[in-house]
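Read the figures in this text as sums done on the coordinates, not as results from a lab. All of these numbers come straight from a predicted model, not from anything done at the bench. Reconstructed Cβ throughout: ideal geometry from the backbone, glycine too, with neighbour counts over all protein chains shown.
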């Protein structure tokens, strides 16, 4: 794991503790996250996967800096396949981080096209 990714993981873990959660899974199962998802769905933000256009999507964090108090622009919609591919590409390349979201999304789109 690169130093950059390690430092972000420490920050992520600290943010989880700060908002009172022991794990990311616990946060994603919380009323706090359910309310944020509802606010996103009620907003004028994109309502389909940014890579493939699938209307069934999950919200992906582009930053964990405001975990628990996310701005809607911190979240992007990705279908489960594109979301999984996003994290796969992120994990495979130590030089990439969440701040490289646009670059990784391009990689997801290219990966999806090759797969077809």
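Across segment 79-111, what is the total count of residues that are surrounded by fewer than 16 Cβ atoms within 10 Å (Cβ to Cβ), within 19 Å of residue 49 (Cβ to Cβ) and either touching a residue at least 40 places away in the same chain (Cβ under 8 Å) or touching a helix residue (DSSP H, G or I) at 6+ places or on another chain (Cβ under 6 Å) (or both)?
1
Working carefully through the options 35, 22, 48, find the one that is part of a helix (DSSP H, G or I) and loosely packed, with under 15 Cβ neighbours inside 10 Å. Walk me through it before giving the result.
Numbers: 22 fails: part of a helix (DSSP H, G or I); 48 fails: part of a helix (DSSP H, G or I).
Only one candidate qualifies: 35.
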Test residue 12 against the stated conditions and say whether it is outside any loop (DSSP other than H, G, I, E, B) and surrounded by 13 or more Cβ atoms within 10 Å (Cβ to Cβ). yes
Which is over 23 Å from residue 110 (Cα atoms), outside any helix (DSSP H, G or I) and under 12 Å from the mean Cα position of the chain (by Cα), of 67, 59? 67
